[in-house]
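Data first, discussion second: the structure below is written as structure tokens.
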């Protein structure tokens with residue numbers, strides 16, 4: 001079936017270090033979206049990538065969509081305590097629903 | 001401009017009872033999605049509805065679970081004869097069009113089955 005795998009499952013970093021989470025799909029995606037869920041909270045939309053090879057930046061966050069539109073990554077530069085949470089990618093296979101990855105839970109060591 | 005409203009936030013049921021979860025989408029949104037999340041896990045798609053229509057219910061168990069989105073009023077996710085395995089956070093999300101647009105999530109309903 002259509003699945004979206006995400007690694008790593010957990011990531012602990014010192015404050016100020018960089019962080020990256022990777023997302024892989026079994027098949028080509030129409031688009032991919034990224035969400036952040038704070039502990040005890042609900043998912044909040046971060047960004048959508050549509051084009052092959054697309055790169056988008058939001059302050060310290062850099063999002064990439066692979067050339068084959070099967071993988072994506074989120075990179076955070078110089079993490080801060082406010083970055084704590086679980087980051088989910090969500091793939092659109094063109095079937096009118098988003099398939100969420102398993103998420104990467106980021107914890108920051110002050 | 002109110003966001004996606006879900007109620008109740010917390011719901012406790014005993015085994016065999018019924019659970020009704022409500023979701024009012026953002027104003028102007030006609031697409032509603034229900035997702036289930038177990039602790040430390042991702043979001044599992046359950047059902048996608050538009051006004052008065054179920055578009056995709058492939059993620060919803062065929063027994064005991066049902067969903068509706070009437071012409072008037074909120075979307076309802078109904079779980080009959082709940083079992084302990086139904087304990088989870090249930091999130092509703094809405095969008096203005098189909099999933100090529102971003103989803104707005106509600107705060108979720110935490111269902112606990114005793």
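Computed from the coordinates by the stated procedures, all read-outs in this text should not be read as laboratory data. Just so it is clear, the model here is predicted, and its values are computed rather than measured.
Going by a ≥ b ≥ c, the root eigenvalues of the Cα gyration tensor, does chain A fall in the rounded group (a/c under 1.5), the prolate group (a/b larger than b/c) or the oblate group? Note, shape of chain A comes out prolate. Relative to the 2.2 N^0.38 Å rule of thumb, region B:1-74 has a C-alpha radius of gyration ratio of 1.16. Shape class for region A:1-64, computed from the alpha carbon gyration tensor (a ≥ b ≥ c): prolate, with a/c not under 1.5 and a/b above b/c. Springs between Cα atoms under 10 Å define the GNM used for chain A, and in it the highest mean-square fluctuation of A:40, A:85, A:66 occurs at A:40. What percent does the relative contact order of region B:58-104 come to when contacts are Cα pairs within less than 8 Å and at least six residues apart? RCO, region B:58-104: 23 percent. Expressed to the nearest 5 percent, the antiparallel share of DSSP beta bridges inside the protein assembly as shown is 90 percent. Expressed to the nearest 5 percent, the antiparallel share of DSSP beta bridges inside chain B is 90 percent. By the gyration tensor of its Cα atoms, with a ≥ b ≥ c the square roots of the eigenvalues, what is the shape of the protein assembly as shown: rounded for a/c under 1.5, prolate for a/b over b/c, or oblate? Prolate shape, in that a/c is at least 1.5 and a/b is the bigger ratio. Using C-alpha pairs below 8 Å separated by at least 6 residues, the relative contact order for chain A is 37 percent. When chain B is treated as a Gaussian network with alpha carbon springs shorter than 10 Å, the biggest mean-square fluctuation among B:12, B:32, B:82 belongs to B:12.
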